[in-house]
Amino acid sequence: MATSIRMREGKPLVTDGPFAETREQLGGYFLVDAKNLDEALTIASEIPAGKWGTVEIRPILEITGLPEPTDALI
């Protein structure tokens, strides 16, 4: 369920699926709230690392009905 984006010569190169090569590694992550994949791609296209690497976009599962955190947990 991943989508990958790379910025090359100022233009986005979008591919379906994760980008996985043995020489690649995770350099960190951003958690953003986007309405849909198009908005997520727009946000991801502005991440500087996408100019020389790949930014992978994955949806997360939001679980409703969980108890709210207390001040002691924050």
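Every number here is computed from the coordinates shown, using simple stated rules; none is lab data. Just so we're clear, the structure is a prediction, and the values are computed from it rather than from any experiment. Ideal geometry is used to build each Cβ from the backbone, glycine not excepted, and the neighbour counts take in all protein chains shown.
Worth a mention:
- Residues whose amide H lies under 5 Å from that of residue 57, counting only those 5 or more places away or on a different chain, are 3, 4, 5; hydrogens are built 1.01 Å from N in the peptide plane.
- For segment 27-37, 3J(HN,Hα) computed residue by residue from phi via the Karplus equation (6.51, -1.76, 1.60; θ = phi - 60°) reads x, x, 8, 10, 10, 10, 9, 10, 5, 7, 4 Hz, glycine and proline entered as x.
- Protection proxy ranking, highest mean first, for peptides 7-17, 45-55, 60-70: 45-55, 7-17, 60-70, where packing is the per-residue count of other beta-carbon atoms within 10 Å, averaged.
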